[in-house]
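Participant: Below is one structure. I have some questions about it.
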Amino acid sequence: MNLTYQNLTIRNASQEDSSLLAHWWNDGTVMSHAGFPNGLGITAAEVAAGLGPGNLILLLDGSPIGEMNYRSVAPNTAEIGIKICEACYQNQGIGKTALSMLIRELFHMGYTKIILDTNLKNTRAQHVYETLGFQRLRINHDSWKNQLGTWESSVDYALTASQFHSYI
């Protein structure tokens, strides 16, 4: 995948991105929303071994600022994720634009439904998802424990093409 809109690019992650991804995934401030406040403790080699076609890098003006991913979870259904890993680029609307780029491409590829979940505490992400047209399906209260053993809750979302509000 190689998508560009204005100064944003989404491209497939490569082996050369493994060190950067490991850096981000080992940063507890980046990964705390996903239940890893101490980071993943993963090596660049482990990251490289796990990279697949659904692992994507988000670039702003040619510099990596985050990651995205997608995977097929059922016929015509993709699950997606996004992290703006460089904190100075958060809360600037980049995520909404990047998600619009990815979602549009996934619908073009033939997916008819896109799903995702987020931490119930991540109200900023919930606002972005709902602005894009995602419909809240359910809240999963105290459904998993984070790395520190604290119970966490999540929100499940789904989106169809007719519900999608693109920001590009």
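Participant: Kindly state, to the nearest 0.05, the FRET efficiency for S72 paired with Y5, given R0 = 35 Å and r defined as their beta-carbon distance. It would help to have the intermediate numbers written out before the result.
Facilitator: Values: r = 24 Å, r/R0 = 0.68.
Once the sixth-power term is evaluated, E becomes 0.90.
Participant: Relative contact order for the stretch 1-95: what is it in percent, counting Cα pairs under 8 Å that are at least 6 residues apart? Before the final figure, lay out each step's value.
Facilitator: Working: 149 pairs, mean separation 21.9, N = 95.
Relative contact order of the stretch 1-95: 23 percent.
Participant: Shifting gears a bit: What are the ³J(HN,Hα) values, in whole Hz, obtained from phi via the Karplus relation 6.51 cos²θ - 1.76 cosθ + 1.60 with θ = phi - 60°, for each residue of the stretch 50-57 in sequence order, with x given for Gly and Pro?
Facilitator: x, 5, x, x, x, 8, 10, 10
Participant: On to the next question. Taking the Cα-to-Cβ direction at Q135 and at E16 and moving 7 Å from each Cα, how far apart do the two end points lie in nm?
Facilitator: Roughly 4.3 nm, to one decimal.
Participant: Any idea how many Lys pairs in the stretch 47-168 come in under 19 angstrom at the alpha carbon, given 8 or more places apart or on separate chains? Mind showing how you got there, number by number?
Facilitator: Working: K83/K96; K83/K121; K96/K113; K96/K121; K121/K145.
Close lysine pairs under the 19 Å cut-off: 5.
Participant: Which whole-number percent gives the relative contact order of the stretch 49-168, counting Cα pairs below 8 Å spaced six or more residues apart? Present the calculation step by step, with values, prior to reporting the outcome.
Facilitator: On the way: 185 pairs, mean separation 25.1, N = 120.
For the stretch 49-168, the relative contact order is 21 percent.
Participant: Determine the percent antiparallel among the DSSP beta bridges restricted to the stretch 63-168, to the nearest 5.
Facilitator: Values: 22 of 25 bridges.
Approximately 90 percent, going by the DSSP bridge assignments.
Participant: Testing the spin-label approximation: label points 7 Å from Cα along Cα→Cβ at N38 and T112. State their distance in nm.
Facilitator: 4.5 nm
Participant: If you don't mind, there's one more thing I want to ask. Run the numbers for D61 and W151: contour at 0.36 nm per residue of separation, minus the present Cα-Cα distance, in nm.
Facilitator: Details: separation 90, 0.36 × 90 = 32.40 nm, distance 3.87 nm.
Contour length minus the Cα-Cα distance gives 28.5 nm.
Participant: Moving on to the next point. Can you grab the distance from the C-alpha centre of the stretch 114-135 to the C-alpha centre of the stretch 30-61, Å, no decimals?
Facilitator: 20 Å
Participant: What residues have an amide H closer than 5 Å to that of G66, excluding those fewer than 5 places away on the same chain, when H is modeled at 1.01 Å from N in the peptide plane?
Facilitator: The list, which skips near neighbours in sequence, is L58, C85.
Participant: Can you give me the relative contact order of the stretch 1-56 as a percent, contacts being Cα pairs under 8 Å and 6 or more apart? Don't skip to the answer; put the middle values down first.
Facilitator: Numbers: 71 pairs, mean separation 19.9, N = 56.
Result for the stretch 1-56 is 36 percent.
Each reported figure results from applying straightforward, stated rules to the coordinates on display, with no laboratory input. Only a predicted model underlies this, so the values are computations on that prediction, with no experimental measurement involved. With ideal geometry, Cβ positions are generated from the backbone for all residues, glycine too; neighbour counts draw on all protein chains shown.
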